[in-house]
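The values are calculated or read from the model by the stated rules, or taken from the named source; none is laboratory data. The shown structure was predicted, so the numbers you read here are calculated from the model rather than taken from an experiment. Cβ sites come from the backbone with ideal geometry, for glycine too, and all protein chains shown count toward neighbours.
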Amino acid sequence: MSLLAPESKLLFKGPDWDFDLIKRVHEACGEIGINEMGLDPYPNQIEVITTEQMLDAYASTGMPLFYRHWSFGKEFARNEALYRKGHQGLAYEIVINSNPCLVYIMEENSATMQTLVIAHAGYGHSHFFKNNYVFKQWTDAGGILDYLEFARALIAKYEDRYGQEEVERLLDAAHALQSHGIHRFPRKRMPDLRSEERREEERRLHGEQLFNDLWRTVPTGKRKLNKDEDAKRKALLGLPEENLLYFLEKTAPRLRPWQREILRIVRLINQYFYPQRQTKVMNEGCATYTHHRIMNRLHEKGQINDGSFLEFIHSHTGVVLQPGFDDRRYGGINPYALGFAMCNDIERICTKPTDEDREWMPAIAGNGDAYGTLRDIWANYRDESFVSQFLSPACIRDFGLFNVVDDEEQDEMNVAAIHDERGYRRIKRQLSKHYDIAYRDPDIQIVDVDLAGDRKLILSHRVLDGMVLEEHDTERVLQHVADLWGYDVKLVEQDDNGNVKGEHTASPRRAFA
């Protein structure tokens, strides 16, 4: 039986496209994504960009607007050289978590690939951005573009007023600490980014007042504080504090208001990216599953022909390829592969469950509502809990997952979990922990300030599983902390039993003033 689609239904023939075609493709994808799959994406704003613009977007973390910094130019030059030599390809698209959702598509894409990336980014990623609880909790999609424009203009103004060298030196320090410049747990509603410019002056005046109130309480002598006084002092300082940039922005004694504002800019932008680190597998799984379903339905409805469908399949299989551990291309677990496989597996469990599925996932097995189940999961989980709750034994077997214990004190590695009931549970726990940012990132907190003495800043690193910080990197980053603080800093590494594993100190080279 022929699968050739009637030409009257086809969205396009051949690789060429124009903007009218992009509009028709977007509407056809929406007919399936919204009306059949029940997706609820942001409105899409589709922009066509060149190769050089894509390389530029790579350099600035994918953002369309960004302040200037030498590191972005360095990254652009590196990516351009690799691309020109054929050592690196480019993404077919970049999507921005904003409202409207910005979808950047490459002008070099064929009509089929434009259809694929609109389905992937404009409906898959956009739905996930809008509905997942982590993004709702931490991002302001409606204000991010205005804030980036405000940040770029403000930093350019500071460069003109205080000198490019001084601004870049401060940005160097802020960038070195940006991975430790986030709040991991909600404290209050995230700031309305649209109002940041309006509140800048009010915030500056309030910050100066807070600074004066804080340092006015510095003891004049070496008098030892009692327990209550010490607790009150730490409460005033907000200690312990895991967000290093936040603490330095609010309390570093020698920073000027414009320098605090730059630390705030870097901190807020980094906080914006925090949900993406927590949901990489789910986000890509949602987008890949969505584009796979939409492209299949377009083919079934006769809106793309067999040639276009084969082009899509060729691209899709490359995206979800999971190289083996002994393959030269292996770089860990491919988040596209795992996310897509788990979404497909959840659909199977909802519609055609086995006895094993009913035992392991009774809440969703056989419920007959695959799309509704997936939408609920996409909205209410992150990678850690997604893997913990919905990685099935069948998926574990398909990926050939095992839990291997590599103890440096032992001559041989130990396979600690095989494919039995106990092994499946252990594999799920260990893989879930792998996606737990709190476990993967160093737990470093500011724990004290010696206000009665030399104002030394004390940081603590909680050592897990014997993993201490790399010496050279620690010294370089701690130096930036000392420069921002303006006084000596000390970092103590210790395990849960209180055993000190290492100490690092740094003195300011030249305080920011």
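Residue under question is residue 261, and the condition is that it be among the acidic types (Asp, Glu) and either out of contact with any Leu (no Cβ under 9 Å at 6 or more places or on another chain) or under 16 Å from residue 485 (Cβ atoms) (or both); does it hold?
Numbers: among the acidic types (Asp, Glu): yes; either out of contact with any Leu (no Cβ under 9 Å at 6 or more places or on another chain) or under 16 Å from residue 485 (Cβ atoms) (or both): no.
Here the answer is no, as residue 261 does not meet what is asked.
Restricting attention to the range 266-281, does a residue exist that is within 30 Å of residue 484 (Cα to Cα), hydroxyl-bearing (Ser, Thr, Tyr) and in contact (Cβ under 8 Å) with a residue 60 or more places away in the chain? Step through it out loud before you land on a result.
Our first condition is that a residue be within 30 Å of residue 484 (Cα to Cα); within the range 266-281, this holds for 266-278.
If we keep only those that are hydroxyl-bearing (Ser, Thr, Tyr) as well, we get 272, 274.
Subsequent filtering for residues that are in contact (Cβ under 8 Å) with a residue 60 or more places away in the chain retains 272, 274.
Yes, the range 266-281 contains at least one residue that is within 30 Å of residue 484 (Cα to Cα), hydroxyl-bearing (Ser, Thr, Tyr) and in contact (Cβ under 8 Å) with a residue 60 or more places away in the chain.
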query = Filtering the range 265-300 down to residues that are over 25 Å from residue 332 (Cα atoms) and at pLDDT below 95, which residue is farthest from the chain's Cα centre (by Cα)?
reply = 265
ask   = Of the residues 317, 290, which single one is surrounded by fewer than 17 Cβ atoms within 10 Å (Cβ to Cβ) and not aliphatic (A, V, I, L, M)?
value = 317
key: Criterion (buried (at least 16 other Cβ atoms within 10 Å of the Cβ) and over 21 Å from residue 182 (Cα atoms)) met by exactly one of 488, 448   = 488
ask   = If residue 483 passes every condition in (1) in contact (Cβ under 8 Å) with a residue 60 or more places away in the chain; (2) among the charged types (D, E, K, R); (3) touching a strand residue (DSSP E or B) at 6+ places or on another chain (Cβ under 7 Å) but one, which one does it miss?
value = (3)
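Within the range 288-302, identify whether any single residue is of a type in the set (Gly, Ala, Ser), in contact with a helix residue (DSSP H, G or I) (Cβ under 7 Å, 6 or more places away or on another chain) and either closer than 30 Å to residue 455 by Cβ or not assigned by TED's automatic domain parsing to the domain that holds residue 343 (or both), and answer yes or no.
So far as the range 288-302 goes, no, none of its residues is of a type in the set (Gly, Ala, Ser), in contact with a helix residue (DSSP H, G or I) (Cβ under 7 Å, 6 or more places away or on another chain) and either closer than 30 Å to residue 455 by Cβ or not assigned by TED's automatic domain parsing to the domain that holds residue 343 (or both).
So, in the range 242-254, exactly how many residues are over 14 Å from residue 267 (Cα atoms), crowded, with 19+ Cβ neighbours inside 10 Å and of a type in the set (D, E, K, R)? Let's see the steps before the verdict.
The initial filter retains those residues of the range 242-254 that are over 14 Å from residue 267 (Cα atoms), namely 251-254.
Right, trim to crowded, with 19+ Cβ neighbours inside 10 Å and you get 251-252.
From the residues that got through so far, the ones that are of a type in the set (D, E, K, R) too are none.
Within the range 242-254, residues that are over 14 Å from residue 267 (Cα atoms), crowded, with 19+ Cβ neighbours inside 10 Å and of a type in the set (D, E, K, R) number 0.
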ask   = Do we find a residue being assigned to a helix (DSSP H, G or I) and modelled with pLDDT of 80 or more anywhere in the range 32-47?
value = yes
task = Check the range 66-82 and report whether any residue there is over 30 Å from residue 157 (Cβ atoms), modelled with pLDDT under 70 and either in the same structural domain as residue 124 (by TED's automatic domain parsing) or among the aliphatic types (A, V, I, L, M) (or both).
result = yes
request  = Confirm whether residue 385 is at pLDDT 85 or above, of a type in the set (Gly, Ala, Ser) and either part of a strand (DSSP E or B) or out of contact with any helix residue (DSSP H, G or I) (no Cβ under 7 Å at 6 or more places or on another chain) (or both).
outcome  = yes
Candidates 163, 143 - the one that is on the phi > 0 side of the Ramachandran plot and either in contact (Cβ under 8 Å) with a residue 12 or more places away in the chain or of a type outside the set (Asp, Glu) (or both) = 163
query = Quick check: is even one residue across the range 408-416 modelled with pLDDT of 85 or more, in contact with a strand residue (DSSP E or B) (Cβ under 9 Å, 6 or more places away or on another chain) and not aliphatic (A, V, I, L, M)?
reply = no
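For every residue, the table says whether it meets (1) outside any helix (DSSP H, G or I); (2) at pLDDT 85 or above.
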| residue | (1), (2) |
| --- | --- |
| 146 | no, yes |
| 152 | no, yes |
| 159 | no, yes |
| 172 | no, yes |
| 188 | yes, no |
| 196 | no, no |
| 232 | no, no |
task = Return only the number of the condition from (1) among the hydroxyl-bearing types (Ser, Thr, Tyr); (2) surrounded by fewer than 20 Cβ atoms within 10 Å (Cβ to Cβ); (3) more than 30 Å from residue 432 (Cα to Cα) that residue 308 does not satisfy.
result = (2)
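Helices (runs of 4 or more DSSP H) wholly in the range 394-513 with at least 1 residues that are assigned by TED's automatic domain parsing to the domain that holds residue 334, within 30 Å of residue 356 (Cβ to Cβ) and small (Gly, Ala, Ser) - which ones? Steps first, answer last, please.
On the way: elements: 421-434, 437-440, 471-485.
By residue number, 421-434.
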task = Only residues that are under 21 Å from residue 433 (Cα atoms) and loosely packed, with under 14 Cβ neighbours inside 10 Å: list them for the range 325-375, please.
result = 325, 330, 331, 332
key: Criterion: touching a residue at least 12 places away in the same chain (Cβ under 8 Å) and within 29 Å of the chain's Cα centre (by Cα) - qualifying residue of 405, 492, 415   = 492
